[in-house]
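The values are calculated or read from the model by the stated rules, or taken from the named source; none is laboratory data. Note that this is a predicted model, so its numbers are computed, not measured. As a convention, Cβ positions derive from the backbone with ideal geometry for all residues, glycine included, and neighbour counts pool all protein chains shown. Just the protein is used for accessible areas: all its heavy atoms, side chains included, with ligands, DNA and RNA removed. Shrake-Rupley method; radii C 1.70, N 1.55, O 1.52, S 1.80 Å.
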Amino acid sequence: MKISFSFLAASLLGLAHGYTPINDNIKIGFDMWFQSIQDRCANKKVKFGFVLDTSSITKSAYHDIDVILKSNKIKMVGAIAPGRGIRGDTYDGPQASPGVYTDAATGLNVTDAYNFTSGSDWSNAYTSMNADVIVFDIQDIGARFYPRIWSLYDALVGAAISEKKIIVLDRPNPIGGTVVDGEVISPGFESQLGKAPISIQHGMTIGELATMFNEEFLPKDQQLSGKSIKKAKLEVIKMTGWDRNMFFDQTGLDWYTPAGFVPTPDTPLFYAGTGIFTEINISDGRGTTIPFEVFGADYIADLGLQSLAQKANSLNVPGVIYRQMYFAPWDSKFLNINCGGLETHIQDRNVFRPIASAIATLTAMRDVFPDRFNFVTEVIDKYYGNSKLRTMLESGDSYQSIINSYSSNLENFKTIRSKYLLY
């Protein structure tokens, strides 16, 4: 009897943590679409453009581009990469390759979309590729401020502007599809970290988000205000075998790192909370082997570190305990500087809430180190969705009060979200 390595590894990990993969039979959206499209040989006449990144990997462990071109049944005219190229061979930021570059392995033209900020940017790229249909296949990690879902949003706006069909190939939400938590973006706080009013932990798949964006938010988007067409011609290719209760290690799928700071399928669960720390003078653990699981700063040590651990654990955050830890990041903030901080240990991930944990530890940091705690104001507000977190921390509010402050916004979002669930 054959047992896949991914299933065996996940099973052994599961035994150690009290859970096991639910199945090894999930077919992601790419599987469903590729089999269907290969069966229609006439589609050689249709010119496809793709939106891909380093996570666009098939179950065979090959990149979408390699599998598609090898089949020689689909006319692929180009690709668009929202960040780090399609293979992770370019870098985000000013040093990113400008314009269009050539994928060395296939000779395919790839448009660098790192600096795209609007639907018009995407529409122009579709036109330059001369594509008839756009296919989007990128792994999300379940947090609102993960930038790839806003690449999806703008890609949909671009499809509406250019009147192109766009197909979204669904993939699992690695932190499950049942928990919905965190603040919802308030008007005036939209940015590349969030362009529509959704909660931080949205509990949706990339395909569900696409449908909600297209039906709920695009018709109200200013980019389409002067257009007769207010929505993209969207098709979502569903997965089979996925259940909303699954964490990624329960799917039997291999984890293909979508970004350098998300090395394991466990990382997204922490990122949904401590990702907020990005613009606070606290290390979020990037540059360690456990990014977002550990956080701290160079001013935390000795008795102060003991006080921080005692304070955080006294809050009795469900499903988690915190331990004292020293670390020196080799990247990002506090580069090569010894920091004291806390490592987050999940005791029960079914009750663990990453946003509540992050808010609790921020209140502990504030209480123990009131003179050292500061923000990059406009950016933390955009990560959170409004100024409440910052102002309530500054006012001395408790972590539970901060959580209670977003409950009505969250319930309103849940009502909207419920209309677009596919599983």
Checklist entry - Taking strands (runs of 3 or more DSSP E) that fall entirely within region 288-362, which contain at least 3 residues that are open to solvent by 70 Å² or more (accessible area, probe 1.4 Å)? => result 320-327
Item to check | Subset of region 384-418 (residues that are in contact (Cβ under 8 Å) with a residue 40 or more places away in the chain and either more than 25 Å from residue 191 (Cα to Cα) or among the β-branched types (Val, Ile, Thr) (or both)) | outcome: 399, 402, 403, 416
Next on the checklist: Can you confirm whether residue 173 is out of contact with any strand residue (DSSP E or B) (no Cβ under 8 Å at 6 or more places or on another chain) and under 15 Å from residue 80 (Cα atoms)?
Outcome noted: no
Checklist entry - Got a sec? Which of 418, 387, 398, 405 is of a type outside the set (Lys, Arg) and within 21 Å of residue 295 (Cα to Cα)? => result 398
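Residue-wise test of (1) open to solvent by 10 Å² or more (accessible area, probe 1.4 Å); (2) aromatic (Phe, Trp, Tyr); (3) more than 14 Å from residue 268 (Cβ to Cβ).
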position	(1), (2), (3)
132	yes, no, yes
136	no, yes, yes
154	no, no, yes
159	no, no, yes
170	no, no, yes
194	no, no, yes
200	no, no, no
210	no, no, yes
Item to check | Those residues of region 46-73 which are within 20 Å of residue 252 (Cβ to Cβ) and open to solvent by 10 Å² or more (accessible area, probe 1.4 Å), in sequence order | outcome: 57, 59, 60, 61, 62, 67
Item to check | The one condition in (1) over 13 Å from the mean Cα position of the chain (by Cα); (2) small (Gly, Ala, Ser); (3) not assigned by the TED database to the domain that holds residue 205 that residue 241 fails to fulfil | outcome: (3)
Checklist outcome for this item: Reported set for region 57-75 where residues are in contact with a strand residue (DSSP E or B) (Cβ under 7 Å, 6 or more places away or on another chain), at pLDDT below 95 and not in a helix (DSSP H, G or I) is 74, 75
Item to check | Single residue of region 242-287 satisfying the filter (farther than 19 Å from residue 182 by Cβ, of a type in the set (A, V, I, L, M) and open to solvent by 10 Å² or more (accessible area, probe 1.4 Å)) that is modelled with the highest pLDDT | outcome: 253
Next on the checklist: Testing residue 398 on (1) at pLDDT 95 or above; (2) touching a Leu at 6+ places or on another chain (Cβ under 6 Å); (3) open to solvent by 50 Å² or more (accessible area, probe 1.4 Å), one condition comes back false. Which one is that?
Outcome noted: (2)
Next on the checklist: Filter region 104-149 down to the residues that are more than 26 Å from residue 255 (Cβ to Cβ) and in a loop (DSSP other than H, G, I, E, B) and list them by number.
Outcome noted: 107, 115, 116, 117, 118, 130, 131, 132
Checklist entry - Out of all the residues in region 363-372, which are surrounded by fewer than 19 Cβ atoms within 10 Å (Cβ to Cβ) and either within 25 Å of the chain's Cα centre (by Cα) or touching a residue at least 40 places away in the same chain (Cβ under 8 Å) (or both)? => result 367, 369, 372
Checklist entry - Is it fair to say residue 126 is modelled with pLDDT of 95 or more, within 22 Å of residue 189 (Cβ to Cβ) and out of contact with any Leu (no Cβ under 8 Å at 6 or more places or on another chain)? => result no
Checklist entry - Can you name the condition, by its number, that residue 80 falls short on among (1) within 28 Å of residue 114 (Cβ to Cβ); (2) open to solvent by less than 10 Å² (accessible area, probe 1.4 Å); (3) not in a strand (DSSP E or B)? => result (3)
